[in-house]
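Have a look at the structure below before the remarks.
The values are calculated or read from the model by the stated rules, or taken from the named source; none is laboratory data. No experiment lies behind these values; they were computed from the predicted model shown. Positions of Cβ are generated from backbone atoms using ideal geometry, with glycine treated the same way; all protein chains shown enter the neighbour counts.
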Amino acid sequence: MTAMHRIIRLLPRAAGLLITFGVLGLALALSACAGRPPAATPGPPTPTPTLAPLQLPAPAGPLTLTFWEDDEDMAGVLLDELTATFMQANPGVTITRTHFSYDDLRNQVRNEARAGRGPDLVRARGEFAGPFSELGIVRPIEELYDKDFLAQYFSGALAGVTVRGRPWALPENYGSHLLLLQNRGYISDTLHVTATAPVDTDAWLAQLGRLTDPISATYGLVYPLAESYWLIPWLSGHGGWPLDAADRPALDTAEMVAALTFVRDLKIAGVVPQQASYDRAFSLFSQGRAAYIIDGAWNLSRYQGLGLDVAVVLLPRVSSTQLLPAPMATGRYWFISANTQDERLAAAVRFAEWMTSDEAQEQWLLKLGRLPSHVLTAQNPAITDDPQRAAIMAQLRLARGVPAALEMACAWQGIDSQLAAVIAGEVTPEDGAAAMQAVAETCVADMTP
C-alpha cells in the first residue's frame, strides 16, 4: 500500500486532539469557579448580526451543490442556517449537506472522488489535506483565491492544510491548542506576590524553583513531558519545527537538541514530578499541588468546580532565542473538489468564501464558542472584552496548524521513539534527536511508492 492510498492519523497518542471544541464559554468558568466575580456581568443575549452572504451572477439554470461533513449535531444546525442564508441571497443555487462519521467521510470522499463523483465541497479536519492532495481529488486554493484574500486568515491556520508548499483548503473553526494555566492562589500564597504571566523561560524557571517543595511534593509545573504534542511549543520556541519546508522530517537539528535539553532540564531541576502522565499532572494541579499546568484548550471544562483561582497565560518567551512558543492547532476546513467545474466551481468558490467569512465565523463564536481562523473575528468584543478569552486567543494567534503532510505521521513516530528516554536521562538530547530522525526517515521510506 503506497502513501498515496493511505490516510494516516497525524496526531500523537494523546486522545481527543482531533476534536474541535467550543472553549470560550469554559474559559469564563475558570474565573467563576474560583470564587471571584466573572470579568463582566452577563447582559442581554448578544444580538445576531445581519448576515450579507456573497451573491453570484445568476446561473444559466438551477444549480445544486453538495457538501459532506463529519461534525456534531449542534454544528449541523448552524451549518444549515448559514447555508440557508447563502441560498436566500442566491435563489438559483441549491446546496445540500450530508453528514458522515469521521471514518466514513474519509473513505467515501476518497472512493467517490477517484471515480469522478462525490461532493463539490468537503468540510473536514485539516489532516485530510495530506491524503486529499496526494490523491489529487481537491483543488489547491491558491488557484481559486489570491494572496490578499488568503491574508484574512491566520497564517498558522493555513499552515494546517499546506502540503508541498501549497494550501489546499480555506480555514473555518480553529483551535485545540495547548495553553499554560496558572493557579494564581498557589503562586500568591507561596511567593507573597500577585501572580503575573512569566516573561521568559529564565525568569520562569527561577520562579518554578521557588514554587517547588519536594518535601510536600508540590511542584512549580506539571504536564505530560513524554507526550510528543507537548514538546512542540518548546521545539518551535527554540526555532525548530518537525517538518522542513519540503515536508521532510527535520528532527536531527540543533533546535531539537535545544528543545530536548530544555525539557530534560526541567526534570533535572526538580520543578516537575519525576513521573508525570497526563492524569497525574491533572491530579496534582486539581489538588492545589502545582502552580502551573500545560493542558489543551479541549480540556478546559475539567477545571470547572475545582475551587482554584485559575488563569490562562501565554507560554513564556524562550530566553535563548527570544522566540515565543508556537503550539500546534487543528481546525475545520473547506475543500473544493477537483471534479467540480465551470458554473458549479464558481458557485463552490463563493460558497466556501461565505462559510469561512468573518460574518460566518462570528456565528460559530457567538453560538457555539468555536474559535476563529479569521483575523477580523479574533477582534470580536466577545473575545477582546474578556481577559481569559483574549488570553486563549492570544496563544492561538501564535499557533501553527498540525502539518497535514503524510510525513508528519513519521515525525510523530520518530519523536515518540526517543522522547521518554531523553527525559529519563537514558539517552542524550543529541543522540535522541539523531535516533528520532533515523526512525522518521525509515518510516518515510516505507511510505514511498
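Just one of the listed residues (Leu266, Leu284, Leu243, Leu260) is crowded, with 23+ Cβ neighbours inside 10 Å and of a type outside the set (Phe, Trp, Tyr), and it is Leu260. Look through segment 91-140, keep the residues that are free of Cβ contacts under 8 Å to residues at least 40 places away in the same chain and in a strand (DSSP E or B), and return whichever of them is farthest from Leu158 (Cα to Cα). Residue satisfying both the conditions and the ranking: Thr94. Scanning segment 227-251 for residues that are farther than 20 Å from Pro167 by Cβ and polar (S, T, N, Q) yields a total of 1.
Is it the case that Asp202 is of a type outside the set (S, T, N, Q), surrounded by fewer than 22 Cβ atoms within 10 Å (Cβ to Cβ) and in a helix (DSSP H, G or I)? Judged against the criteria, Asp202 is a match.
For segment 67-79, enumerate the residues that are in a helix (DSSP H, G or I), under 17 Å from Ser357 (Cβ atoms) and in contact with a strand residue (DSSP E or B) (Cβ under 7 Å, 6 or more places away or on another chain). Residue satisfying the conditions is Leu79 alone.
Taking each residue of segment 358-382 that is on the phi > 0 side of the Ramachandran plot and looking for partners that are of a type in the set (Val, Ile, Thr) with beta-carbon atoms closer than 8 Å, six or more apart or interchain, yields Gly369/Val23. When we screen Ile95, Ile141 for residues that are within 24 Å of Ala326 (Cβ to Cβ) and aliphatic (A, V, I, L, M), the only hit is Ile141. Taking segment 170-217 as the range and being acidic (Asp, Glu) and under 19 Å from Leu314 (Cα atoms) as the test, the residues that pass are Asp200, Asp202. I'd like to verify a number: residues in segment 96-136 that are under 24 Å from Glu362 (Cβ atoms) and buried (at least 23 other Cβ atoms within 10 Å of the Cβ), how many? Residues that pass the stated criteria total 6.
Do we find that Glu407 is surrounded by fewer than 19 Cβ atoms within 10 Å (Cβ to Cβ) and either farther than 17 Å from Tyr174 by Cα or not polar (S, T, N, Q) (or both) in this structure? Here the answer is no, as Glu407 does not meet what is asked.
Selection of helices (runs of 4 or more DSSP H) fully inside segment 306-425 by the criterion of at least 2 residues being at pLDDT 95 or above and closer than 23 Å to Arg125 by Cα returns 342-355, 358-363, 387-398, 407-423. Per the conditions (1) modelled with pLDDT of 95 or more; (2) closer than 18 Å to Gln341 by Cα; (3) surrounded by 14 or more Cβ atoms within 10 Å (Cβ to Cβ), the sole criterion not satisfied by Gly92 is (1).
Of the residues screened, Ala291 is one that is buried (at least 20 other Cβ atoms within 10 Å of the Cβ) and not in a helix (DSSP H, G or I).
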